[in-house]
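In what follows, a structure is listed as structure tokens, so that the remarks can point back to it.
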Ligand SMILES: [Zn+2]
């Protein structure tokens with residue numbers, strides 16, 4: 001059990017306010033609940049910014065390092081094409097949780113901005129994008145009303161403690177007609193249904209929310225966005241990364257031992273395409 005686990009709990013749904021919540025699972029000492037009205041799945045423990053800072057001091061995701069850029073780019077290029085199909089003329093893009101700036105690298109011709117909380121990653125992105133990369137939490141990001149054409153959040157929205165507050169800030173940063181793109185794990189995919197609390201993305205307190213097309217659409221609608229597209233975009237994965245994900249960071253698990261065995265071998269580096277509908281990408285617009 002996580003010794004930092006908060007004992008204060010959400011008494012209502014963080015998105016719709018409903019008070020009838022159904023406890024689903026206990027994972028890592030955290031309670032995961034589902035709202036009986038809007039079907040949102042979330043960590044019911046009230047996690048503070050300090051709790052998360054202590055948690056993230058323990059390490060980051062193996063898939064996000066310089067040796068894995070080719071795999072990450074597979075998705076980034078598909079997303080870049082999708083954005084360009086809607087915006088043939090380059091504009092201004094903000095990538096929240098931009099890591100080392102790899103997604104921005106595929107948005108050539110665009111005015112690229114990023115926000116990243118991990119200082120070493122932000123520093124790497126700043127080498128190419130300078131002051132357009134802001135280090136720190138999104139709560140501290142400067143509010144430039146109506147400035148951006150596109151805001152993207154890839155593998156980041158489910159980490160935020162307050163999705164409504166996050167989307168409110170995004171809505172203000174976007175110009176009317178601007179686009180928000182959110183990529184998260186899909187808690188309603190068949191794989192998640194079959195594995196329940198053992199689904200590889202169920203890793204509280206890293207992931208505080210577990211969305212699907214319905215709950216994500218509902219959350220965006222509550223915040224004044226209009227969902228225009230929902231897609232399952234495939235990924236390129238290394239064999240070793242699969243075992244890392246399955247281990248969910250638990251160094252005692254069998255999966256972790258397989259990962260360590262494969263790490264540095266040619267088999268571990270073999271890449272394959274995966275699309276289990278376990279990742280959902282939703283595009284929504286701020287009405288003009
Ligand atoms: Zn709800």
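Scanning the stretch 186-219 for residues that are in a helix (DSSP H, G or I), touching a strand residue (DSSP E or B) at 6+ places or on another chain (Cβ under 8 Å) and away from the ligand (no atom under 14 Å from the Cβ), we see that the one that is nearest to residue 16 (Cα to Cα) is 213.
Summed over the stretch 220-242, residues that are within 16 Å of the ligand (Cβ to nearest atom) and either closer than 30 Å to residue 266 by Cβ or in contact (Cβ under 8 Å) with a residue 40 or more places away in the chain (or both) total 3.
Residues in the stretch 243-288 that are assigned to a loop (DSSP other than H, G, I, E, B), without any contact (Cβ under 8 Å) to a residue 24 or more places away in the chain and touching a helix residue (DSSP H, G or I) at 6+ places or on another chain (Cβ under 7 Å): 250, 253, 263. The single residue among 189, 112 that is at pLDDT below 95, under 21 Å from residue 75 (Cβ atoms) and over 16 Å from the mean Cα position of the chain (by Cα) turns out to be 189.
Within the stretch 152-175, which residues are part of a helix (DSSP H, G or I), within 17 Å of residue 186 (Cβ to Cβ) and touching a strand residue (DSSP E or B) at 6+ places or on another chain (Cβ under 8 Å)?
Hits for the stretch 152-175 are 157, 158, 163.
Does at least one position in the stretch 44-52 carry a residue that is more than 9 Å from the ligand (Cβ to nearest atom), out of contact with any strand residue (DSSP E or B) (no Cβ under 8 Å at 6 or more places or on another chain) and in a loop (DSSP other than H, G, I, E, B)? Yes, the stretch 44-52 has at least one match.
The values are calculated or read from the model by the stated rules, or taken from the named source; none is laboratory data. Predicted model, so just to flag it, every value in this text is computed and none were measured. Note that we place each Cβ from the backbone using ideal geometry, even for glycine, and neighbour counts take in every protein chain shown.
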